[in-house]
Structures are given as C-alpha cells and as structure tokens.
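Below is one structure, written out as structure tokens; the observations come after it.
The values are calculated or read from the model by the stated rules, or taken from the named source; none is laboratory data. What you see is a predicted model; the values in this text were computed from it and never measured. Cβ sites come from the backbone with ideal geometry, for glycine too, and all protein chains shown count toward neighbours.
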Amino acid sequence: MEVQHINIKIFAREPAPADLAGAIPVFHRWIQQDATGELLIDVADYRHVPEGPGVMLIAHEAHYSLGPTGGRLGLLYNRRTPATGSTREKLEQAYSAALAACRRLEQEPEFRGSLAFDEGDVEVIFNDRALTPNTDETFEALRGELEAFFASRWGQGTFVLEKTGEPRERLTVRVRRSPETALRA
Amino acid sequence: MKYSNQLWKQRLAGRLPAHLAEEIDVFEDEIELRRQGKIDERVFAETRLRRGVYGQRYDNGQRHDGITTRKLPYPEDKPTKGPNTVWDAPGMQRIKIPFGGLNATQLEVLAELAEEYSDGVAHITTRQDVQLHFIHLDDTPAIMRRLAAVGITTREACGNTIRNVTACPYAGVCRDQVFDVTPYAKMTAYYLLGHPECQDFGRKFKIAFSGCSRNPCALVRMHDFGVIAKTRENNGRLERGFEAYVGGGLGAVPYQAKLYSEFLPETELLPTLVAIARLFTRLGEKRNRNRARIKFLVDKLGIEEFKRLVEQERAQLPEDPRWKEALEEIPRYREEPRRPAALVEIEPAGSAEFREWLRRNVYRQRQEGYAAVTIALPLGDITAAQLRRLADITRNYTNETIRTTVEQNFLLRWVSEADLPAIYEDLKAAHLAEPVANTIADITACPGTDTCRLGIASSRGLAAELRTRLLERREPLDESVRGLRIKISGCFNSCGQHHLADVGFYGVKRNKGRYAVPHFQVLLGGQWGENAAAYGLAIGVVPSKRVPEALERILGRYLAGRQDGESFQAFIQRIGRAECLKMIEDLREIPTHQADPSYYVDWGDAREFTIGDLGVGECAGELVSPTEFQLAAAEREAFEAQLHLEKGEAGEAARRAYEAMKRAAQALIAHRLGRAPQDPEQVVETFRKHFYDTELFFDAFARGKFAQYYFNAHKRNGGPWDEDAARKQIEEAQLFLEAAHACYQRLLEQEQPVI
Ligand code: SF4
C-alpha cells in the first residue's frame, strides 16, 4: 500500500497554555532562522477559530501548527509533498519532524515552562482518503507498520493503538504510551 | 502535489457530469502544456483564473521576513504559473456557489478538500463563494473533480468573467420579499456560465438578486448588474419582473448603480444580460484595467445612451430557445421542509444564552412555524470538523437547505420552530451557536495581508482583535450600537465592502521617520440597508494599533450625542466630517520606533511592517484575447493527439490533429472577421479566401506550405489511419500551429495604430 501525507499530532500536557499568541513571533523567527531546514513560507493566525489550527507555520514540505484541533492542544505536522522511502521511514520522518518542533517550541522564551508536549501521546492521521481510506481494512493493513515503528521508539508492548473518529474523517490512529512506561521514561 | 491525484481521476471516471469532466480534463492538459512551456504564461494565468485558481501573497517567490526580503527557495525545475508566479507557491481555490446554495454532501466534500489540500479551514467570502487557501496548482484538477462529483463547478470563479451570481440568503423564506428570486439567480448563473458572449470582457462582471428593496441582503446597488423583485398588473394578470440597476461597484472608486429599468419583465432578464454582455465586450475598456469595469462605461455613456445601445443590441439578438426553457423551469423550483411546522412561543424558558441566540440568530420565516437560523462564523472561517457537524445538522433538521451569506456566514432555512432548542444544542456543541449574528461583533473582513497580494494592512488581524474586544466587554453594548456593522478591507480595493458599513476601515501605509506604519482609513455612515443605498464618509487615517480606541470613541460619541432615535448614518451626516475627524485626531499621533515599536507591527504579525511584499493583483485577471485562448485550445488538441498516438489510437490521434488545425484557423478567422464559421467545410473555404489567397498566412520561406497541410488534412479527415500517417499529421499540425501563432503576431503588428 502506498502511504503518503502522514500527519503527526503530538499532544501538549495539561495544563496547556490558553493563549497561543506567543507562537506568532516564534514561527516568524523560525522562518528568519531557517530553523527546520525546510522551506518555511509564512505564519497564519487562526486563533479565532474554535478547535481550529491555532497558529500555523505555512511551509512547502509540511505545515506546522500549534492549536486545539479536535479539542486538545497539540503540535500538528502536516506533510504536503510526497515523502520517499518505506512506510516505516515516512512515519519516522514525520514523527521526528513533529517531535523536533515540539522540543524547539518548549525551549522558546514565549513558552518556556508553560508548554510541554507528551511525546507518548500521539495521533497519526493519514491525510489522503484515496490512498488510505478510513476503513478497518486499511487500519489492519497498517497496524503492523505502526506497531513496529512505535515499538522501535518506545519499546515493545508499552503502548496502545486505537483507530479513532467517525467514517467521514481521515484514517486516524491514536497511539498512547501506557502510563507506567511514560513514568519510567 | 498530492500523490493520489490520478487516483481520483480514475475513481470518479464516469461519475461526473460529462461537460464538467471534459472541462477538467482540458484544464489538466493545459497545466501539462504550461509545464512543457507550450502555453504562454499570461494565457495560462487567465486560463487558471477562469477556473478559480488564484494567486496568493508571496507567490512571486519572495517575502519580507521582518529583517530582509528573502527569496523563497522553491525547486527551480518548473515554469511559472503566470507572470512572476512560482509554480510551487501556494495559491487559492475559489469555489463558486451560485446564490450561496449548498447541501449536506457538498459541505462534507468541502470538509474533505479543506483537510486534504488546504489548511483544514474553509472560508466563506463576501460574495457567497467558498475559498480554500494554500493549495498547490497540481492538486486543482483533483479538487475540481471531487467538487464536480457533487455538482459544483469552479468555472469562471475568477478572471474577466461573470462571477458568482449572488442572491439574498433569505430568498423564498423572507417576510418582505416580493417573490423568491432563487430560481432566477440559479437560471442566470447557469445560463451565463461559459456563455460565448461573456468571454471577452475587459474586467469581471458581478450580478446580484434581491427579493425586496428594503433589506440589504443582496447589496444590489454595488453590483455591475443587480435586480430587485417586482410585480405589476398586466391585463388583470400579475406579471413578474425586476427593478434593474447597472454600473455599481465598490473598488477604489465606488459607484452607486444607476437605475436601468423600473420594470424589466422576467422574459427580458436573460436577453438583456446577453445584450449588456455584448455591449460591454464591444465598448468596455480593455487596455486600462483600472477603468475597465462596466461602471466606467455607464458613466462615460450616461445611463440613457447606455440603455439605448443595449436595446439596440437586444433587437439584433437571435432568439435563443434556452430563454424560454429556463423560464419554464422557474415554477418547478421548490424548497421543502423536512420537519412539520410548529408554532411555538419564540421566547420560551431556557438559558439566557439560548434566548440571546434566539434573539440574534433566529429569523421567523414567512411560512408559519419555520425559522431561518444564522450561523455566525468568525471572519468567515469554518473548520472541516465543523463542516461535517453542520452537514449532520442540515440533514437532521432540514431538507438540506443551507446557504452562504455575503456577511460570511451560513443560513439554515426551514427549521421547524419546535426544533430550535435542539438545534441550538447541536450547533453549540459544534461551536457554531455564537449569538452575534447581525451585530457589531459579526465583522466582515477580506483576506488582506494574510493571503492577498495587494493587501496593505492586516484586515483579518484587525477584525479578530475588534471581535475579541467586543465579545469580551464587561458592560453590555447599547442596542443602538449592537446593531451596527463593521467591515474591513486590507486595501482600497474594498473586497471587505468597507464603504457599506456603519464603520468601515481599509488599510493604508504611513511613514514615521524611516519606518512604515500600518494604518486604517476610517469611513463612517455607510448604508448597508436598502441594498447598499449610501457609501460611507472617509474621515481620516488611524494607526492600526489605535483602531480599537478609535472605535470606542466613535461608538461612545454616538451614544452620547444622538438625538432621540437618530440612526448612526443620520448622526454622522449631522455632525459632519470635521467633527468626526476631531474624535480621532489625537489618535493619529505615533510614538517613535524607539519609544514603542509595537506601532510598527501589524495585528496578528510579529514582523516589522513593510509594504515590500505588495504584488500585482490577479483580481483583474490577465487580459488575454479570445484568439489567444483559441490558439491555446488548438495546442491542447495537438497535445491530446499525441496522447492518443501513444495509446496506439491512430484514428483518434489524426482526428485530434486535424481538429487542432481547424481550431487555429477558426481563431485567425474570428480575429480577422469577428466571427468564425463552425462547419468544417466553411472553415476551410473562409481560411483559404482570407488567409491563403491573400498570402496573409504565408511564411517568408515556406510560403503556403503549412496551409497546405491543413487543406490536405481536411481532405483526408475521416479516412483510415495507420500509426505513421497519424504521426505525420500530428507533426504537420504542430507546424501549422506555429505558423498560426506567427500569423497572429503579424496581424497584431499590422493593427497597431501608427502614432
Ligand atoms: S480589499 Fe485589497 S487586500 Fe482585501 S482582498 Fe481586496 S485587494 Fe486584497
């Protein structure tokens, strides 16, 4: 199965900051400093949209957004251009990029001490309904890849995978490290 | 850009209306031809604009990052997608929604597209369209196919064409309407879509329908052509028609439309529009785009002369059977409720929030027991998840009767009054029940510097700021102020319709020392009511960051100084411009950059303000002649011929190659004689007479050889073909096309006026 346009959302820990205004100067600085090594274009402010993308860093390869999509704050990495390699490599690429952005955000002066991400609480969204339709069959076909990838990150048997959402949504898989493992990490 | 674009083509094959499928295939070919450098960038730009594929800020490949202007290092292996427009740069897809009418399935598809191709948000415009931002050009055919599969076209959403036909969202349910204008708006939109008389305008042309003259819902008087429903007695029969206006428009120079006819019978609506289109094509300005809207032509000729010329055109129009057929459809248009009517007390017990929502967002329909519910969207934005919830609500409570509005909202119609408490809860759960409809907090704003190439200041940033402040006010607003309208544009082009608001703003720049400072011009007293009856008074500019204070003062002054029941417009008229200016004069002071740098940064931004990113707008489209379009279409046929040959379909390949030559010949004939015949025999004969016998088509070296290719192909057309012969014909067609381009160039040079 060809898999493309993998989105990764890493959730913020509670209490999450209510005001996301700080993300605007942060993302502008990332553009000025070529912070991610990607072609970063502009910043879009959607803070007025309830459960929307919040503040977005618009980019060529992938958009980043810090926002409450779906009702919980998180950092979303939204891959636009097709990626190369196996599904596993694409997962690795998307997750690493999202995690790097989270770590960078946590260190920014606007958020230091007030924003922390839980790298063990993740949503994987397959943003292409034609390639990866939101069905149980697609989920089952991808389960092995997902398990292998997260096992390589967090260890075998330390997490649960769950297909979430309703049929009209994109195929979305919630991956959560079990609390004991998270505590040990 | 999406990996699955071709999959959608296969998956939807045979499931789209044939004419839409063909149109999208043609556009896909044009993209490929441009990629191969076979279509001129200007022609391609207008081609994509006519499909609603628009440019966006920074698509020239550079951006000021707050420190310096930097090149955005896009891959350099592709051509431009228009003059100075980078292929890979994100753009916008405008989706035409005639009269704003949508159904639940369409909402769901819009949600899918927003998620998969855009940023997860769909945007409702001030002309009832939907826009998706940050779209890649390569994805647009897939987007169009998915839209076409649910009956939506993007054709002529931009460019120098007839734009979306708008109508009151309350049409059909309004208590004040004369009759339901919806089927007329629909008929007009689809009749004029792709109409041959509407393909050679110097600028865009906007049409609006209103059901009554009192309410503002359709803003008839700011349109190129707008009509208001009217009836009259005719031999004891009630005849339907329209009060018709022409030549209105906002833009930098706003014009109130002139009364064209006090009563235009319904039977004359389409013929009159065609006659106006012909006149606009013939006499409208083509070179200077700043004076190319029809308002300038009406102004230049005077309404009486304009009308005389339209009537002259009308008299010469051959009868079109579709005029009658379209009218026969009108009585068949119906909107039915899903649930039985219920007459309930409209102020029942319930939470204060619910009662406030009832008061602001709910309108009792003319049909007893039913209500229309406004869903006020912040800045016209709605997420994909909300669109799906809205689709469910639309299905559960209505017969999928929902419309977009010119105030960038949705209107759900035919809600049984008994369902109001339940629908409120459902909307609230989707964050779609904010009780701000028709209030000062429901601010309209154009895209401004967020995405528009021409934006000067951040209209959306300011709108979001004002909205937040108005909603968070501790003390409630007085009713007289609560009902006012605020509209904001990012520049003088007034896409945010600032002229029509009680309080309007448009972005400008001022300097302080060597620094640029974002400002807004303040306009007061525009009249939204009576179909945009009066435009606001410009009173002066204020730094962006002081606009909230300016607004507070203006509202405070009105509350304190109005004379019993005096409207805001009347108040502004009475106190006059000089007094208005006094209200904000001291706010014009700007601290030095050193003292307060925040003044030098726009709302919702963090960069030092600059107008260095200003580009050339695509609103006007590229001025591309029909000849160039025809020649591009001929190129496309030749391209298709090649594809058929590769598939081993020699006969079809040869036929397409012949078609390419015929189309190019027609293009030249139409350019020279005004119109070209359609019959292939006549095309050859006309071409021979005017281009071959006169040697106009002759190449300096090859002389008439390329024309002979066409004559030979014509003779052989329909015969059997093998692969070699088809290949030869394709090569000859290519040479013929080259010669046609060269001939067109020579004709243009000959036609240049000698100075
Ligand atoms: S008013 Fe100006 S900034 Fe706003 S969309 Fe129109 S051209 Fe762009």
*Which number in (1) in contact with an Asp or Glu (Cβ under 6 Å, 6 or more places away or on another chain); (2) among the aromatic types (Phe, Trp, Tyr); (3) more than 21 Å from B:Ala632 (Cα to Cα) marks the one condition that B:Trp721 misses?*
(1)
*Just to be sure, is A:Leu57 farther than 24 Å from A:Asp118 by Cβ and surrounded by 23 or more Cβ atoms within 10 Å (Cβ to Cβ)?*
no
_Among (1) buried (at least 24 other Cβ atoms within 10 Å of the Cβ); (2) within 26 Å of B:Pro98 (Cα to Cα), there is one condition B:Thr449 misses while meeting the rest; what is its number?_
(2)
*State all residues of the range B:59-112 that are of a type in the set (Ser, Thr, Tyr), in contact with a strand residue (DSSP E or B) (Cβ under 6 Å, 6 or more places away or on another chain) and facing chain A (nearest Cβ under 10 Å); if no residue qualifies, say none.*
B:Tyr74
*Which condition does B:Ala534 not pass, out of (1) surrounded by fewer than 19 Cβ atoms within 10 Å (Cβ to Cβ); (2) within 13 Å of the ligand (Cβ to nearest atom); (3) closer than 29 Å to B:Arg163 by Cα, if it passes all the others?*
(2)
*Do we find that B:Leu470 is under 27 Å from the mean Cα position of the chain (by Cα), away from the ligand (no atom under 16 Å from the Cβ) and free of Cβ contacts under 8 Å to residues at least 60 places away in the same chain in this structure?*
no
*Just need a number here: residues in the range B:402-456 that are within 16 Å of the ligand (Cβ to nearest atom), within 14 Å of another protein chain (Cβ to nearest Cβ) and in contact with a Lys or Arg (Cβ under 9 Å, 6 or more places away or on another chain).*
11
*Return the only residue of B:Ala275, B:Ala326, B:Ala342 being within 30 Å of B:Glu417 (Cα to Cα) and either under 27 Å from the mean Cα position of the chain (by Cα) or assigned to a loop (DSSP other than H, G, I, E, B) (or both).*
B:Ala342
_Looking only at the range A:81-137, how many residues end up being part of a helix (DSSP H, G or I) and within 14 Å of another protein chain (Cβ to nearest Cβ)?_
2
*Applying the selection to the range B:384-434, what residues are in a helix (DSSP H, G or I), aromatic (Phe, Trp, Tyr) and touching a strand residue (DSSP E or B) at 6+ places or on another chain (Cβ under 8 Å)?*
B:Tyr397
*Residue check: is B:Lys206 in contact (Cβ under 8 Å) with a residue 24 or more places away in the chain and touching a Pro at 6+ places or on another chain (Cβ under 7 Å)?*
no
*Could you grab me the full set of residues in the range B:127-155 that are out of contact with any helix residue (DSSP H, G or I) (no Cβ under 8 Å at 6 or more places or on another chain) and more than 14 Å from chain A (Cβ to nearest Cβ)?*
B:Arg127, B:Asp129
*Which of the residues that make up the range A:44-64 are within 19 Å of A:Cys102 (Cβ to Cβ) and among the hydrophobic types (A, V, I, L, M, F, W, C)?*
A:Val55, A:Met56, A:Leu57, A:Ile58, A:Ala59, A:Ala62
*Name the residue, out of B:Gln708, B:Gln666, that is more than 16 Å from the ligand (Cβ to nearest atom), surrounded by 20 or more Cβ atoms within 10 Å (Cβ to Cβ) and either more than 14 Å from every other protein chain (Cβ to nearest Cβ) or in contact (Cβ under 8 Å) with a residue 24 or more places away in the chain (or both).*
B:Gln666
*Can you tell me which residues in the range B:333-380 are surrounded by fewer than 19 Cβ atoms within 10 Å (Cβ to Cβ) and either within 14 Å of chain A (Cβ to nearest Cβ) or free of Cβ contacts under 8 Å to residues at least 60 places away in the same chain (or both)?*
B:Arg334, B:Glu345, B:Glu347, B:Ala349, B:Ser351, B:Ala352, B:Arg355, B:Glu368, B:Gly369
*Within the range B:354-369, is even one residue among the polar types (S, T, N, Q), under 32 Å from the mean Cα position of the chain (by Cα) and part of a helix (DSSP H, G or I)?*
yes
_Residues satisfying the stated conditions in the range B:487-525, i.e. closer than 22 Å to B:Glu579 by Cα and more than 15 Å from the ligand (Cβ to nearest atom)_ = B:Asp502, B:Val503, B:Val522, B:Leu524, B:Gly525
_I need every pair where a residue in the range A:130-153 that is in contact (Cβ under 8 Å) with a residue 24 or more places away in the chain has its Cβ under 6 Å from the Cβ of a residue that is among the basic types (Lys, Arg) and surrounded by fewer than 18 Cβ atoms within 10 Å (Cβ to Cβ), sequence separation at least 6 or different chains._
A:Phe139/A:Lys163; A:Glu145/A:Arg88; A:Phe149/A:Arg88
*Go through the residues of the range B:472-481 one by one and say whether even a single one is under 27 Å from B:Gln56 (Cα atoms) and either modelled with pLDDT under 90 or away from every other protein chain (no Cβ under 14 Å) (or both).*
no
*Options B:Leu477, B:Leu462; residue that is in contact (Cβ under 8 Å) with a residue 12 or more places away in the chain and in contact with a Leu (Cβ under 8 Å, 6 or more places away or on another chain)*: B:Leu477
*Could we say that B:Gly612 is surrounded by fewer than 19 Cβ atoms within 10 Å (Cβ to Cβ) and on the phi > 0 side of the Ramachandran plot here?*
no
*Does B:Asn409 satisfy being surrounded by fewer than 22 Cβ atoms within 10 Å (Cβ to Cβ), in contact with an Asp or Glu (Cβ under 9 Å, 6 or more places away or on another chain) and under 22 Å from B:Cys174 (Cα atoms)?*
no
